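This report refers to the structure that appears directly beneath it.
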Amino acid sequence: MCADHHGRSEAAFTLVEILAAMLILAFGATTVIGVMSSGLATEHNSELVRDAARLASAVREELEHGRLMPRDGQALQAVEGGRLSDFPDLQYDLSYETIEREGSEDIACKVTIRWLRGGSDVFETFRFPLPRTRALYLRIRDEIERAKR
């Protein structure tokens, strides 16, 4: 009877071996889940940064097409908490800075895009030169309006 008992124990797994295998499996699964959740968070953050760059480009286009530019003779207006409907989760602040270059002064636009991530305020800042003149089609439209008066 003892020989028969020894034969079965060599052919089967012991409780310790099963527990060790389960521990290794649990550790591997936990590691995989952690890597996947970290990857998803990184992907979401990169989407927000990409959207921030797209919003900054949209603000620049608004400036170039005259929708955010002041009329002739008016002062530049800063914008705080601006939003565009294409980017509902993002808001922008627009300000202007003077830059001196080789004896002349240029004006640069500073666009700060803000969003919430994990309950804290995150932002990206973009700078680009202010268009020196309004778009040609806007100047033509203004001339036509002046001529009608």
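The values are calculated or read from the model by the stated rules, or taken from the named source; none is laboratory data. Computed from a predicted model, the values in this text were never measured in an experiment. When we count neighbours, we look across all protein chains shown, and the Cβ atoms used for this are built from the backbone with ideal geometry, even at glycine.
Among the numbered conditions (1) part of a strand (DSSP E or B); (2) at pLDDT 85 or above; (3) out of contact with any Ser or Thr (no Cβ under 8 Å at 6 or more places or on another chain), tell me where Thr125 comes up short.
For Thr125, the failing item is (3).
Inspect all residues belonging to segment 76-98 and state whether any of them is in a helix (DSSP H, G or I) and modelled with pLDDT under 85. Don't jump to the end; show me each part of the working.
Taking segment 76-98 first, the residues in a helix (DSSP H, G or I) are none.
Within segment 76-98, not a single residue is in a helix (DSSP H, G or I) and modelled with pLDDT under 85.
Between residues in segment 77-99 that are of a type in the set (S, T, N, Q) and residues that are assigned to a loop (DSSP other than H, G, I, E, B), which pairs lie under 7 Å by C-beta distance while being six or more apart or on different chains?
Cβ pairs passing all conditions: Gln77/Pro70; Gln91/Arg83; Ser95/Ala78.
I'd like the residue in segment 54-75 that is among the small types (Gly, Ala, Ser) and at pLDDT below 85 and, out of all such residues, is surrounded by the fewest Cβ atoms within 10 Å (Cβ to Cβ).
Checked segment 54-75; the qualifying residue surrounded by the fewest Cβ atoms within 10 Å (Cβ to Cβ) is Gly73.
Against the definition (surrounded by 10 or more Cβ atoms within 10 Å (Cβ to Cβ) and either modelled with pLDDT under 90 or touching a Phe, Trp or Tyr at 6+ places or on another chain (Cβ under 9 Å) (or both)), how does Leu40 come out, yes or no?
The answer is yes for Leu40.
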